[in-house]
Each structure stands twice: as structure tokens, then as C-alpha cells.
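> Have a look at the structure that comes next, please.
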Amino acid sequence: MADKRDYYEVLGIQKGASDDEIKKAYRKLAKQYHPDMNPGDKVAEAKFKEVNEAYDVLSDPDKKAKYDQYGHAAFDPSSGFGGGASGFGFDGFDISDIFSSFFGGGSSSRSNGPMRGEDVRVRLNLSFEEAVFGCKKEVQYQRVQKCSDCGGTGAAKGTSPKTCPDCGGRGQVKVTQRTPFGMMQSTKTCDKCRGTGKFIETPCRSCRGTGFVKGSKKLEVSIPAGIDDGQGIALRGEGCDGRNGGPSGDLNIIVSVRPHAFFERDGYDIYCDVPVTFVEMTLGAEIEVPTIDGKEKLTIPEGTQTGTTFTLKNKGVQMVNSSRRGNMYITVTVEVPKELDKKQKELLRAFGDSCGISNHSKKDKFSKKFFK
């Protein structure tokens, strides 16, 4: 981990930067080093991966908190912190926290009634196209599940939990204490069964009597067309198993979308800057422009100014669970020619000399305003 650069340094931001500042820095750098913008450039490819790795951590509140406290060691399995960055780009969770909520962990009271399982949260990275058109992705994640050896009872094979002799299966016992006001009676969690009402004489070796183990699960998830960066998908009942017959928790998938090399997305609208020659802008032309559906023809009127934006109706992103689509906005900019030869320069100067004030009205007004 010693050769890794600081994630804040990678994105060119200060520690404590806001979510918007992190996202803005990431989009700028991801577009700069995007493979489509730098074909065959191994340095740019490495930079692109480094930027994505930094954003994957700093855009997630839990990972960011761990990184701010422990640095890269938070995600190094050999460091002892138990972070371990997932190869699938998913957010992990602390298994000890879940076991603690199930099996003690400082809780002052126990319940032998049904308990809902914990939710699991993972992060899924998508390309721009996968988010726009939808796709199917395989998600692998860890969760707490019933032990297959004992079926979740916690008792070794061939045995079964028995009613706790101390509390009679109630999970609580009465305690009588002498106080200045006399003898007072109260109830507390049974120490023998920890509030479960059951006592296991021979615990299962696989789960050590808890009835639950840490396990891995794979699911194929349908990603709806039009989903955007930061949005989530909830899969009911795919989280951790419940206790005492309680329902399972949910799997919450948070989507992270990588920027496109040329397109910018804002909601369901798409923006794209298209370079156009001086001649095309001056005389007008029919040009081809890129859209998410392929090439489209766009008519540039004669005398179009640089920075002019054209709207392509219903050429944006499809709205989630709808057939409606956003728009695409094409902004044309003049690409100034470079390295002109002698003849081209002479022709251009002659053209400039031939243009009168009427051809440059804005420049004329500007000059009269400031250079009288």
C-alpha cells in the first residue's frame, strides 16, 4: 500500500471536500484520462483506473470515514483493520457489527420473538452506456445467513435446543433486591440463554452455537434503463437472514456511473460539444453529430456563431420505468485551423480585408464602446 498516492491528491482536492466537489473533480479527471480520449495510451489508462479507485472510496461515506481514519490500510486485508476493498467495486460491511446486533454486543435486553435481518449495502459500478440503456449485472456480496449444518438452531447435528431451565423459556428472570424502600422485584435478561428462552447443550461447531455464519451470495440484477449516478435499487429479502423466524433484510445497491468521453448527462438530458470548421459556420452546412442512438444529421444555418446550442428533441436518456426521454443539446464551437501554409494565410488575409463592418457588427459595437 506504500506506493499508492493519497486519494485526495489523486482527485486534486482538499481533505474535507464536499460531495459535489468530489464528484466534480472526478468527472473532470475521468473525462481527461478516459480510454476513448486516449486510445493506446497506457499512462492515461493507469491514471483513469487510479481516479476511479479514488472516487470509489471518497464518494462512499462509510469508506471515506475509514480512509480518513486509517488511510490505505483501511482496505488492506493484511493491515488488521479488515477493510479489504472488493474486487467487484462493492461496499463491504463489518460482519462483527451484524453479529453483535444478533447475539449480544452490549444489548441490555434480549427478545426471543421474530427479528428482521440486517440490510446489506453494496456499490455497483456501471459504464455510461450501461446506465443509459439498462443491463444485467452479477452482484456478489457477503451477508449473515443461517448455518447450513444446524439449520439455524445453533445445536450440533442430532441435537436440538432445549427450553432454558432458568427462565422457563421466557428469556427473562425475576430478580429481588433489598433497597432502602424495602424489597423490590424487577426483571432482567436471563444470563443462561441470553434472552432467547433456549439453551444449547452441544453447540454446532460451524457457527459456535449462534445459528448464523458469514456467507457469500451471487445474484443477477436487472438494471433499469435511465438509472443515474448515486441512485439505488432495493432488493427485498436479499439481505441478512432474520432470527427466530423473522424476515430477511434487504439488499440495497447504490449505483456509481463512470463518465463518458464526450457526453455530459444532467438528469435525463445529454450535452455534447461538437467542433465545427469556420467555413461550415460561415456558409452553413449539414453535419453529422453523435447521439446515444448513433449518428444524426444536424443543419447548421449560415452565419451560426460559436457557442450556439441546438436541441434534438427526445434524443436524451429514457426515463426510468417510462417510455419518455430527455433531450440532447449540441453546442457547436469553431475549431481554428493551425499550421496554415503561405498561400492559405494570404487568402485568409484577403478575405479579412474584404469583410466590411456589416460582417462584424458585434466587434464594431465593442470597438466603439471601449476605443472611441
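The values are calculated or read from the model by the stated rules, or taken from the named source; none is laboratory data. Here the structure is a predicted model, which means the values were calculated and not measured. Neighbour counts run over all protein chains shown; Cβ positions are idealised from the backbone, glycine included. Heavy atoms of the whole protein, side chains included, go into the accessibility calculation; ligands, DNA and RNA do not. Shrake-Rupley method; radii C 1.70, N 1.55, O 1.52, S 1.80 Å.
> Note the direction-averaged projected area, equal to a quarter of the hull surface, for the Cα convex hull of the chain, in nm².
With every direction weighted equally, the projected area is 33.0 nm².
> Under 20 Å Cα to Cα from LYS315, which aspartates and glutamates show up? Leave out anything in the same chain fewer than 8 places away.
Once the sequence-local aspartates and glutamates are set aside, what remains near LYS315 is GLU129, GLU130, ASP228, ASP229, GLU264, ASP266, ASP269, ASP273, GLU286, GLU288, ASP293, GLU296.
> Relative contact order for the chain using alpha-carbon pairs under 8 Å, separation at least 6, rounded to a whole percent?
Relative contact order here is 14 percent.
> Give the longest segment of the chain that steers clear of GluC sites (Glu not before Pro) in DSSP loops with at most 14 neighbouring Cβ atoms within 10 Å, not counting the sites themselves.
Longest stretch, sites excluded: 1-200.
> Carbon and sulfur together cover what percent of the accessible area of the range 138-188 at a 1.4 Å probe radius?
Ligands and nucleic acids excluded, carbon and sulfur give 46 percent.
> Sticking with this structure for a sec: How much net charge surrounds HIS34 when only the other residues with a Cβ under 12 Å from the Cβ of HIS34 are counted, with Lys and Arg +1 and Asp and Glu -1?
Every neighbour counted, the sum reads +3.
> Okay, moving on. Given axes a ≥ b ≥ c from the Cα gyration tensor, I'd like to know whether the range 1-59 is rounded (a/c under 1.5), prolate (a/b larger than b/c) or oblate.
oblate
> List the trypsin sites (Lys or Arg not before Pro) in the range 255-318 that DSSP assigns to loop (not H, G, I, E or B) and whose Cβ has at most 10 other Cβ atoms within 10 Å. Which are they?
Taking the range 255-318 and a limit of 10 other Cβ atoms within 10 Å, the loop trypsin sites (Lys or Arg not before Pro) found are LYS313.
> Cut-off under 26 Å on the C-alpha distance; same-chain residues fewer than 8 positions from LYS162 excluded. Which lysines are left, in chain and number order?
LYS146, LYS174, LYS188, LYS192, LYS198, LYS214
> Shape of the range 118-186 from its Cα gyration tensor (a ≥ b ≥ c, root eigenvalues): rounded if a/c is under 1.5, otherwise prolate when a/b > b/c, or oblate?
Oblate, because a/c is 1.5 or more while a/b does not exceed b/c.
> Another one. Under a point spin-label approximation (7 Å from Cα along Cα-to-Cβ), what is the VAL43-THR299 distance to one decimal in nm?
4.6 nm
> Right, another one. Let me make sure I get this right: for the range 172-251, a, b and c are the square roots of the gyration tensor eigenvalues over alpha carbons, sorted descending. Under 1.5 in a/c it's rounded, otherwise prolate if a/b > b/c, else oblate. Which is it?
oblate
> Before rounding to the nearest 500, sum -39500 (n - 2.57) across all DSSP H runs of length at least 4 in the chain and divide by the residue total; then give [θ] at 222 nm in deg cm²/dmol.
-7000 deg cm²/dmol
> Within the range 171-214, which trypsin sites (Lys or Arg not before Pro) sit in a loop by DSSP and count at most 16 neighbouring Cβ atoms inside 10 Å?
Of the trypsin sites (Lys or Arg not before Pro), the ones in loops of the range 171-214 whose Cβ has at most 16 other Cβ atoms within 10 Å are LYS192, ARG205, ARG208.
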